[in-house]
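Derivation of every value follows stated rules applied to the coordinates shown; laboratory data play no part. In this text the structure is predicted, and so the values were computed from the model without any measurement. Cβ: placed from backbone, ideal geometry, glycine included. Neighbour counts: every protein chain shown.
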Amino acid sequence: MIAPRSVSDWAQGNRWIWSALAVLISWALLSAVTDRFSIASLSGILLSASFLTVVGVGQMFVVAAGRGNIDLSIASVVTLSAYVALLTVRGQDANLGWGVLAALGLGLAVGAFNAALVVGLRVPAIIATLATGYVLATATLLSNRAIHGFAVSPALKEIAAGRVFGAPIMMLLCLALVAASELVLRFTAFGKTLSAVGQNHVAARLAGIRVSRVVVATFVISSVLASLMGLVLGAYVGGAFLEMGQAYFLQSVAAVVVGGTLIFGGYATAIGVFCASVLLILIVTLMQIMQLPPGSQDMVQGVVVIVVLALAGREALQRRASRAQAEGPAEGRDAG
Amino acid sequence: MVSDRRIVSRTADEASELAPLACLVELKDITKAFGPTLANANIDFAVNRSDVIGLVGGNGAGKSTLMRILCGITPPTVGRIAFDGVEEPFAAYDTGAAQRRGVRMVHQELSLCANLSVAENFFIEAPEHARTRPGWRRIYRAAARAALDAVFPGNGIDVDSIVDRLSIGERQMVEIARATATPSVRLIVLDEPTSSLDMERSRQLRDYIRTRSRSGLSFIFISHKLQEIVDVASRVVVLRNGRVAWQGAVAQSSVSRLVELMGGDAGAAHHRFERAASAEEEVARIGGRFVVGPEISLRRGEIIGLAGLEGHGQKDLLRAIFESAPKARDGVSRLEAASYVSGDRQKEGVFPLWSVLANIAIGRVARRSALGFVLDKNEAIAATPSAQRLRLDAERFRSRILELSGGNQQKVLLSRAVAADTPIILLDDPTRGVDIATKQDFYRLCGELAREGRTLIWHTTEDAELLACNRVLVLANGRIVRELSGPSLTEEAIVAASFSHLGAAREQRGGPQRKGQSQSLRRLVDAAPFIGLALVLAIMTVANPSVASVFGVDLLLMPALSLVLVTEAQMFVVGGSEIDLGVGAFAGLISVLSATWLYDRPWAGAAAIIAALIAYASIGAIIQLRKIPAIVVTLGASFIWAGIGYSIQPTPGGASPDWLTALTNWSLGADVPTSVVLIAVAASIGVLLDRAPLGVALRGFGGNPAAMAASGWPPLRFALIRYFIAGLFSAAAGLSLTAINASSDINSGNSYTLLSVAAVVMGGCALAGGIVSPVGAVIGAVTLALIGALLGALGVSSDFNAAAQGLVLIALLAMRSVADRRNET
């Protein structure tokens, strides 16, 4: 809430800068070392990163509320939504409205269900979203039997793979989402209260924030975004298949953490999610170009997540230490 | 062990006869400053052998600080300490040193591991007698029994009962008994030991203190119940404003004299707030469980103090007012908006990532609609006046809140309430540990706010602040017992009212019947996995009688073995209040290693598996060292395990080593299903580990890591051990996968990760950690593994397998959540 006093202060408030720098540096290195990176490959990378960003932003909202909240149902929602799209749109542009409505309905229902478990029954988010994922897996299997074919509506295909002036439409939509999310985080009461809840939920409640509402909203946002993304991803891959969302299980968390959102909650950045998504896709693409076996891609992604967390953990530790120091004088309150 | 100590104490007895006034410990010239506040000032304090010192003083007199110094928790600013006449440097005097010197403290906030049994808590305190062999608990059971019976005859506490299921009073008894049973203890500090004990137990404790003190043990007895002090103490020390106000033999004191000596805080006195003229309009009403008499009405412009001894319901009342609405809830109705200023700044006040102004502005922002536009610059401008009213230094408006001193942080919190502009402001002991200048600013602003027509409800532990209020409500045992105002509002009246209702025991919450009800619900929840498995088996047998044959059972249960092993791995991690999302992938990796390298080159394979185990354990170390969430780290690790496995074996294949196949391919005879034997063996290993001293320590860490560390247990070592054990079980699961499938597939373990979490939860382990039930978890795993077969037997498509597993998990969690909530109320 303050004008920057110094560069380091500015970086504190804009933690996405590190992932952005990492993207630029790796891009520069890759262009210098290989000759296979071109504008064309860049737009391919950006397109893949856009899909990841959409679910990553949803995950970011959930994580920002703190208390170890995480949404593990995202992958299942993506897959199911792609099937629901096949069932509702049936390759006809005329049915697209129904498809969008169905996707929205699915997202709202799943988000509300997750939120009810977490807020209402006080089930830890990881277990609640995990259980939801199971139920969705069955729904996916049933849909898989019900579909008649893999017809994709041309309009949806255009959104998924089309271009405007050379820029992928999906990327433009994704950038709009990132911009909107960043604005919500920085310039609305919701963004401020979300940050407060993530930092200290007891203090948030005592400051008059309706904590439950904020947490419910994060789960709904996450599911709706995953659902909409599944709709478009289905069109992109030309249908749906059972494991299509699986890749987003870890990647959605990785994009959040690498992007600079604090895993303990309290600070979130949508720009960071986007930059981190590009970085992650860049790494995967690079490994494909180097023809490394797919196993090593998994390994590298896992290592990146752990290393980034371990480094961010240091900062959290320092924060805790300074908090303990500040607590020093307050110890007097125990006197008596 | 017990008889040994008797011998020791007898010799001590003889020694004390020789030198009756031998000085045990002496604190000299102790001063402790917190910023500008002196919690202790030039205190001389000596404890002789056989002394029972009654330590009294009002809230904030410095008793706790002095005891923390004595026990090595806090070092003094200046001062000296001497044991048996030999001086010791404070630099080297910590809790460990105090314990070696025989000083034990029973804290007001209980420091037991609530998830362990009474006997196990005795083990945590004195682990040196434990041996890893069956029956090791017997020593501690006997010690606990003996100690409890020695202090509280006829207590009826089951030493095998989990501490969490004891009443508050029983827990207090266990804690006291544990301190008395510590080998080589010489001085026991009892901080409000009788706050939850009834008259009879309190008398027993005092009898015990008298007996033990005669044999040379010394006690310091801190209590607000002055009649107990007069009864049990041999000497009394009265503290007041951090200084010794009086000390002498108990014969020279009486309850009324002690009350007088504890007296008022003349130094910080200030005049009473003016009462606003418009003080008729009602803003809130208190009734129901908070009053003994008629409803109490709170009016606009009033400053109302909440008094009473610490922990007698002042905070509950404030929270009830904050959470109530115009329609009465819990007997309290609030007609106007309220904001809350907590004195526990770190836990309930500040937002550590934000600047001072942002911390103030949130008070306004919180009350706006979600998509309302907020511009930091405007908010900062709007927040500035309320910050200025408290004389906050304008240069610091933009600093991070944590860079401010405690007193200034407190100003920020009050400014937040001012910025929120609510008609009611609730103050929860806001001036604790705050220096005098800040207090003055605080008082001035409070007066102004009341004159503007706001109502302040002020819980404070400082008598002087109470005297400044327009009206004071005195609470005892959670109810308002006196209402004081005008000339009747005096220090003596407040003290008298606070003490007046303390004769009897403090009421236990919830009647016995209610407790019985929630107990039976809990028992049902505990038995759910067993009932579930029995149901599943019964239905399957009815649907297809051949299930009940040895062959049928083997066919069904052999695949469950791997899930059982993964579940046990997960159980040990969950016991430490963490979740491992990498167990399944790790089992897959070990399966791949065993079907490829171990098959082709046994030595290289074995080395690789050991290396993998070490890597797995080190994940636990990273989590502990960096304090980062286990879920995400292990999720990352799962991709590493899968990646390695995939690189070694891109497509399913390999072969199982003969010896490994032989492990699952034997028979005890035609009547015994091998799978059941294997699962039973796996379960027994889990049970034995969990019941061993090591398992108890691991559960202790899951339940109360702070208490474990305070008793001298190293957290890092146990994090490594925990993950190493989990790795071993997960590796066993991997080997079983290879043996059962006669080949390996890196993805074969994936589905087990989430199922294992579900099984652990179903089995009755608490995700919050510390509560582990190996048999329940194994039963849960078998049930989940059978759900597919059950659906098949019922003719339901296997598509519903996952949903059935998920719904079972949700149903169980819902049941447990309801049971927990019943227990709370």
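As a rough guide to protection, the peptides B:23-33, B:369-379 ranked by mean Cβ packing within 10 Å, highest first, stand as B:23-33, B:369-379. Across the alpha-carbon atoms of the stretch B:750-792, the computed radius of gyration and Dmax are 10.8, 37 angstrom. Scalar couplings 3J(HN,Hα) for the stretch A:258-270, obtained by applying the Karplus form with A = 6.51, B = -1.76, C = 1.60 to θ = phi - 60°, are 5, x, x, 5, 6, 5, 7, x, x, 9, 9, 9, 6 Hz; x denotes Gly and Pro. Positive-end ranking of A:Ala32, B:His312, A:Ala146 along the dipole of the protein assembly as shown, with charges on Cβ about the Cα centre, is headed by B:His312. Cβ-Cβ distance of B:Ile168 and B:Arg319, R₀ of 22 Å, FRET efficiency by 1/(1 + (r/R0)^6): the value works out to about 0.70. Look at B:Val472, A:Val300, A:Val135 and count the other Cβ atoms within 10 Å of each Cβ; fewest to most, that gives A:Val300, A:Val135, B:Val472. In this structure the amide hydrogen of B:Leu239, modeled in the peptide plane, comes within under 5 Å of the amide hydrogens of B:Val56, B:Gly57, B:Ala245, none closer than 5 places in sequence on its chain. Extents of the stretch B:538-814, taken as max minus min of Cα coordinates on every principal axis and listed largest first, are 57, 48, 35 Å. Output needed: percent of Cα pairs per 10 Å distance bin for the stretch B:94-155, bins running from 0 to the one holding the longest distance. Calculated P(r), rounded to whole percents: 19, 44, 33, 4.
Compared with the dominant principal axis of the Cα atoms in chain B, helix B:314-323 is inclined by about 70°.
Let me know the shape class of the stretch A:29-127, please: from the alpha-carbon gyration tensor, a ≥ b ≥ c as square roots of the eigenvalues, rounded when a/c is under 1.5, otherwise prolate if a/b is greater than b/c, or oblate. In terms of gyration-tensor shape, oblate.
Sorting B:Thr567, B:Thr664 from the fewest to the most surrounding beta carbons within 10 angstrom yields B:Thr664, B:Thr567. Computed packing ranks the peptides B:291-301, B:178-188 as B:178-188, B:291-301, most packed first, by mean other Cβ atoms within 10 Å. At full extension, B:Ser184 and B:Leu625 could sit 155.3 nm farther apart than now, given 0.36 nm per residue minus the alpha carbon distance.
GNM remark for chain A: springs join alpha carbons under 10 Å apart, and the peak mean-square fluctuation among A:Ser195, A:Ser41, A:Ser73 falls on A:Ser41. Inter-chain Cβ neighbour count for A:125-132, averaged per residue, equals 6 (cutoff 10 Å, partner chain atoms only). Placing +1 on the Cβ of every Lys and Arg and -1 on the Cβ of every Asp and Glu, with no other charges, gives the stretch A:38-324 a dipole of roughly 860 debye about its Cα centre. Annotation: peptides B:588-597, B:70-79, B:392-401, B:91-100, ranked by per-residue average of other Cβ atoms within 10 Å with the highest first, follow the order B:588-597, B:70-79, B:392-401, B:91-100. Cα-based values for the stretch A:38-324, radius of gyration first and Dmax second, are 18.8, 62 Å. Please find the FRET efficiency linking A:Ser212 to A:Val7, where r is the Cβ-Cβ separation and R0 is fixed at 45 Å, and quote it to the nearest 0.05. It comes out at approximately 0.70. Amide H contacts of B:Phe219 (H built 1.01 Å from N, in plane; Pro and chain starts excluded): B:Asp51, B:Val52, B:Ile53, B:Ile188 sit under 5 Å, all sequence-distant by 5 or more or on other chains.
Let me test this: with uniform point scatterers at the alpha carbons of the protein assembly as shown, what is the Debye-based log₁₀ I(q)/I(0) at q = 0.08 1/Å? Each listed q maps to, in turn, -1.00. In this Cβ point-charge picture (+1 for Lys and Arg, -1 for Asp and Glu), chain B has a dipole of about 580 debye about its Cα centre. Only the Cβ atoms of Lys and Arg (+1) and of Asp and Glu (-1) were treated as charged; on that basis the dipole of the stretch B:380-506 about its Cα centre amounts to roughly 320 debye. Counting Cβ atoms of other protein chains within 10 Å of each Cβ in A:189-200 and taking the mean gives 6. Applying the Karplus relation 6.51 cos²θ - 1.76 cosθ + 1.60 with θ = phi - 60° to the stretch B:565-582 yields 3J(HN,Hα) values of 5, 4, 4, 5, 4, 4, 4, 5, 5, 4, x, x, 6, 10, 10, 10, 8, x Hz, where x marks Gly and Pro. Considering the stretch B:351-420, its Cα convex hull presents a mean projected area of 4.2 nm². Only DSSP H runs of four or more residues enter the estimate; each adds -39500 (n - 2.57), and after division by the residues of chain B the mean residue ellipticity at 222 nm equals -16500 deg cm²/dmol. Separation of the alpha carbons by more than 31 angstrom is noted, of B:Lys225/B:Lys327; B:Lys315/B:Lys439; B:Lys28/B:Lys225, for B:Lys225/B:Lys327.
Ordering B:Ile579, A:Ile147 by the number of other Cβ atoms within 10 Å of each residue's own Cβ, fewest first, gives A:Ile147, B:Ile579. Computed from Cα atoms, the angle from the helix B:406-420 axis to the main principal axis of chain B rounds to 90 degrees. Dipole orientation for the protein assembly as shown: of the candidates B:Ser399, B:Val677, B:Leu24, B:Ser399 has the Cα lying most toward the positive pole (charges on Cβ; Lys, Arg +1; Asp, Glu -1). With a ≥ b ≥ c taken as the square roots of the eigenvalues of the C-alpha gyration tensor of chain B, please select rounded if a/c is under 1.5 and otherwise prolate if a/b is larger than b/c or oblate if it is not? It is prolate, given that a/c is not under 1.5 and a/b is the larger ratio.
The stretch between B:Val542 and B:Asp820 holds 96.5 nm of extra length on full extension. This uses 0.36 nm per residue minus the Cα-Cα distance.
Toward the positive end of the charge dipole of chain A, with +1 on the Cβ of Lys and Arg and -1 on the Cβ of Asp and Glu, the farthest Cα among A:Ser81, A:Ala180, A:Phe190 is that of A:Phe190.
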